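*Asks:* Take a look at the following structure, please.
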Amino acid sequence: MKKALVIAAREFEEKRFVAYAAVAFAILPFILAAIPGVAGKSPREVLAMSSLIFGTTFAVALGVISGASFIGRDLSDGRMSFYFSRPVSALSIWFGKLTAAVLLIVGTFAFIIIPSRLAAGTAWKHIFNAETWDGAFLLGIALAVFLIAHVIGTFARSRSLLIVVDFAAAVICGVVIWFLIVPLIVGAAFALISKLSIALAIAATLGIVGGGAWQLERGRTDRRRSHFALSQFLWATMAVALLIAAAYVAWVVSVKPRDLTGHIRATRSTSGPLAVLTGTAKYRSDYRGAFLLNTEDGSMWRVDPYAEWAGRYTRDGRSAVVPRRSPSGVETLIYTRGKAEPVDTGLTMTAVDYAVSDDGGRIATITQPSNLSVYDVATKRSLVSVRLPDSTNVRDFFVTPDLIRVYLNVPDGMKIMELDVPSRALRETGFIASPHIVIFYSNPSGSHMLVRQSHEDVVTLNDARTGAAIRTLTTGTPFKNAHYLRDGRIAVVDGPDSATVLHIFAADGTPQRDVPLGAKKATRMVGDDGARLVLNDVDVATGRPMLEAVNVTSGVIEHRQPVRDWVDSGVLETRPPIEPLREVFYVGDEGQILAWNPATGGKRLITGG
């Protein structure tokens with residue numbers, strides 16, 4: 001230790017001119033701040049900014065020069081024999097010179113920055129946040145440059161063909177690191193990427209520092225042997241670090257749906273067993289696993305976490321359209337039950353919203369400013385694109401694969417239009433006058449719809465194509481929800497919180513049954529299996545959200561299940577699904593996802609197990 005300090009002191013003595021230069025750079029910001037034409041209205045900000053620029057530039061430049069010369073130059077010039085002719089070890093030589101170089105970089109940076117920072121006072125906070133002006137990051141860059149310059153200087157000055165191997169090893173390391181980072185980017189694990197980068201940087205630092213000591217121990221005054229020893233130690237260290245990192249990343253991305261325990265979000269098809277699940281797992285930092293799960297057979301596909309809000313399900317329950325981010329945009333994939341691999345539609349999504357035909361064969365996208373386009377999946381081509389009138393909100397659905405109906409909320413009501421795909425004709429077919437936003441739900445065939453104006457409690461049955469009112473279903477009582485059942489019957493929930501009622505109507509609006517639900521707050525309709533309708537409501541007495549399976553024939557509430565929340569399809573469903581509802585996903589008290597069978601009341605764990 002003592003001999004290393006002696007060598008460090010000798011290095012300081014040889015490089016005392018660096019301290020003189022640092023003094024000059026420490027004074028220069030004060031001179032600039034005193035010049036009226038330069039300082040302007042804020043001399044302190046000029047002082048802070050200029051000192052940071054000078055200090056950083058000086059430290060980085062010193063790091064490059066020192067790193068490239070403090071070992072490599074002594075080897076190439078034959079001066080290293082001076083040290084080995086003395087009774088000192090290779091470790092003392094290395095750490096003595098290394099200590100001197102590091103302290104010079106740190107000391108000169110601090111000598112330039114600290115006086116200006118003290119004099120500038122609060123001006124630092126006006127220009128830089130705490131992370132920016134804190135010297136740790138900038139010093140880290142300067143020290144990293146110093147170590148890299150040392151490695152390059154040693155390799156270049158050795159004049160050995162081994163530098164070709166070093167270049168190949170560096171490229172391989174870069175490629176491996178990229179392949180380690182890509183799956184973490186896909187999983188939105190940016191905190192984990194930062195930690196992994198720091199860990200690999202530490203490994204590289206240990207490789208260079210340890211390799212420097214090893215090169216002097218093994219190579220001594222021979223520059224080629226010194227190069228070989230440094231190369232051997234550095235790349236062996238990086239190989240071990242990358243193997244450990246690869247094993248960890250492989251473990252992180254191997255997460256399964258049942259491993260998800262935190263920040264769990266989900267959407268699911270109301271017409272089939274497909275569901276998108278995303279979340280984090282224990283000991284995997286912020287890596288977000290994302291899956292498209294077939295809840296019937298347990299099969300799954302790994303998907304982009306972007307799918308948690310951008311996925312769509314077909315009404316026939318067989319397929320899911322899942323976007324995937326790529327450098328060129330958002331690609332669109334279709335996953336189908338019974339098929340191992342998804343179909344790449346070839347459609348790059350730039351849409352604000354999109355709709356899928358019942359069987360997933362066509363996709364309609366709406367982009368700004370209100371351009372409606374129809375894309376055919378089988379042929380991978382755009383069929384038609386039209387400009388829609390300006391509106392505050394657009395909702396659309398495929399009546400048939402060749403016919404799209406569009407509902408546009410305009411300032412004085414809702415405009416109804418249809419796009420005929422073969423003829424490329426866009427026609428206005430109806431209009432509903434209203435000073436408020438018009439909310440609607442269509443029946444399975446798209447021929448009729450339920451209409452309600454926001455801020456009003458009147459529900460009417462209307463023609464879905466023309467908007468013409470057919471009959472009034474409810475009026476004068478507080479409205480809570482309305483939707484169509486799969487068989488075309490109508491369900492409306494209204495009444496005060498103290499006495500909520502479920503009304504069942506025939507398809508033509510004829511009243512069939514009223515089912516008292518008791519004291520309920522907000523009520524949402526999940527779906528039906530033909531015999532029972534599932535509601536997601538809030539009990540007034542307990543304030544607890546509940547799932548309730550109501551038999552629409554007998555009016556009996558057959559099963560109840562307390563929940564934190566119900567997992568829906570992620571979009572506002574315009575029409576009821578084709579297939580019957582078999583299970584409902586809900587969020588449990590601990591944030592896990594469970595499946596509930598409304599016919600039996602049974603439940604099973606999906607995530608968090």
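The values are calculated or read from the model by the stated rules, or taken from the named source; none is laboratory data. Just so it is clear, the structure is predicted and the values come from calculations on it, not from any experiment. We place every Cβ from the backbone using ideal geometry, glycine too, and count neighbours over all the protein chains shown. Just the protein is used for accessible areas: all its heavy atoms, side chains included, with ligands, DNA and RNA removed. Shrake-Rupley method; radii C 1.70, N 1.55, O 1.52, S 1.80 Å.
*Asks:* Given a cut-off of under 8 Å on Cα pairs at least six residues apart, what relative contact order in percent is computed for region 282-349? Provide the component values of the computation, followed by the final result.
*Replies:* Working: 103 pairs, mean separation 12.9, N = 68.
Relative contact order of region 282-349: 19 percent.
*Asks:* How high is the relative contact order of the chain, in percent, with contacts defined as C-alpha pairs under 8 Å that are six or more residues apart? Don't skip to the answer; put the middle values down first.
*Replies:* Details: 1254 pairs, mean separation 48.9, N = 609.
After rounding, I find 8 percent.
*Asks:* Taking the convex hull of the alpha carbon atoms in the chain, what volume per residue do you get, in Å³?
*Replies:* Numbers: hull volume 141.3 nm³, N = 609.
Given the Cα convex hull of the chain, per-residue volume reads 232 Å³.
*Asks:* Which value, in Å² rounded to 10, gives the accessible area of GLU428 with a 1.4 Å probe and all protein chains present?
*Replies:* Probe radius 1.4 Å; accessible area of GLU428 about 100 Å².
*Asks:* Mean separation of Cα pairs under 8 Å and 6+ residues apart, divided by the residue count of region 516-588: what relative contact order is that in percent? Mind showing how you got there, number by number?
*Replies:* On the way: 126 pairs, mean separation 17.6, N = 73.
Here the relative contact order equals 24 percent.
*Asks:* Once you list every other residue whose beta carbon is under 13 Å from the beta carbon of PRO323, what net charge do they have if Lys and Arg are +1 and Asp and Glu are -1? Show your work: numbers first, answer last.
*Replies:* On the way: positive: ARG312, ARG324, ARG325; negative: ASP304, GLU308, GLU331, ASP344, ASP353.
Net charge around PRO323: -2.
*Asks:* Rounded, prolate or oblate: which one fits region 456-515, using the alpha carbon gyration tensor with axes a ≥ b ≥ c (rounded when a/c is under 1.5, else prolate when a/b beats b/c, else oblate)? Working shown, then result.
*Replies:* On the way: a/c = 2.23, a/b = 1.41, b/c = 1.58.
Here region 456-515 falls in the oblate category.
*Asks:* Relative to the longest principal axis of the C-alpha atoms of the chain, give the angle of the C-alpha long axis of helix 16-34, reported between 0 and 90° and rounded to the nearest 10°.
*Replies:* 50 degrees
*Asks:* For the chain, what % of the accessible area comes from carbon and sulfur atoms, probe 1.4 Å?
*Replies:* Details: 17200 of 27830 Å².
Carbon plus sulfur share of accessible area: 62 percent.
*Asks:* Sticking with this one: Given points 7 Å out from each Cα along the Cα-Cβ axis, report the LYS256 to SER445 separation in nanometres with one decimal.
*Replies:* Placing both labels 7 Å along Cα→Cβ, they lie 4.7 nm apart.
*Asks:* Sticking with this one: Rounded to the nearest 5, what % of DSSP beta bridges with both residues in region 494-541 are antiparallel?
*Replies:* On the way: 13 of 13 bridges.
If I count the DSSP bridges inside region 494-541, around 100 percent turn out antiparallel.
*Asks:* Would you list GLU590, GLU418 from the most to the least accessible area, probe 1.4 Å?
*Replies:* Numbers: GLU590 155, GLU418 15 Å².
Ranked from most to least accessible, the order is GLU590, GLU418.
*Asks:* If you don't mind, another one. Pairs LYS480/LYS603; LYS256/LYS282; LYS282/LYS339; LYS415/LYS521; LYS256/LYS339: which exceed 23 Å Cα-Cα? Please report the intermediate quantities before stating the final value.
*Replies:* Details: LYS480/LYS603 27 Å; LYS256/LYS282 12 Å; LYS282/LYS339 31 Å; LYS415/LYS521 32 Å; LYS256/LYS339 20 Å.
In this structure, LYS480/LYS603; LYS282/LYS339; LYS415/LYS521 exceed 23 Å between Cα atoms.
*Asks:* Cα axis of helix 223-253 to longest principal axis of the chain: angle in degrees, 0 to 90, nearest 10?
*Replies:* Tilt relative to the chain: about 20 degrees.
*Asks:* What net charge do the residues around ILE557 carry, taking every other residue with its C-beta under 10 Å from that of ILE557, with Lys and Arg at +1 and Asp and Glu at -1?
*Replies:* On the way: positive: ARG532, ARG560; negative: GLU548, GLU558.
Counting the neighbours of ILE557, the net charge comes to 0.
*Asks:* For region 285-360, with every protein chain kept in place, what is the accessible area per residue (1.4 Å probe, Å²)?
*Replies:* On the way: 3180 Å² over 76 residues.
Per residue, region 285-360 has an accessible area of 42 Å².
*Asks:* Another question, then. On a 0 to 90 degree scale, rounded to 10, what angle separates helix 90-120 from the longest Cα axis of the chain?
*Replies:* Around 60 degrees separate the two axes.
*Asks:* Mind listing the long-range amide H neighbours of VAL330? Cut-off is under 5 Å, sequence gap 5 or more, other chains count too, H placed in the peptide plane at 1.01 Å from N.
*Replies:* For VAL330, the qualifying residues are MET349.
*Asks:* For region 378-387, take each phi angle, set θ = phi - 60°, evaluate the Karplus expression 6.51 cos²θ - 1.76 cosθ + 1.60, and give the result in whole Hz per residue in order, putting x for glycine and proline.
*Replies:* 4, 8, 6, 8, 7, 8, 7, 9, 9, 9
*Asks:* Could you check the simple spin-label distance between GLU296 and ILE244, using points 7 Å along Cα→Cβ, in nm with one decimal?
*Replies:* 4.8 nm
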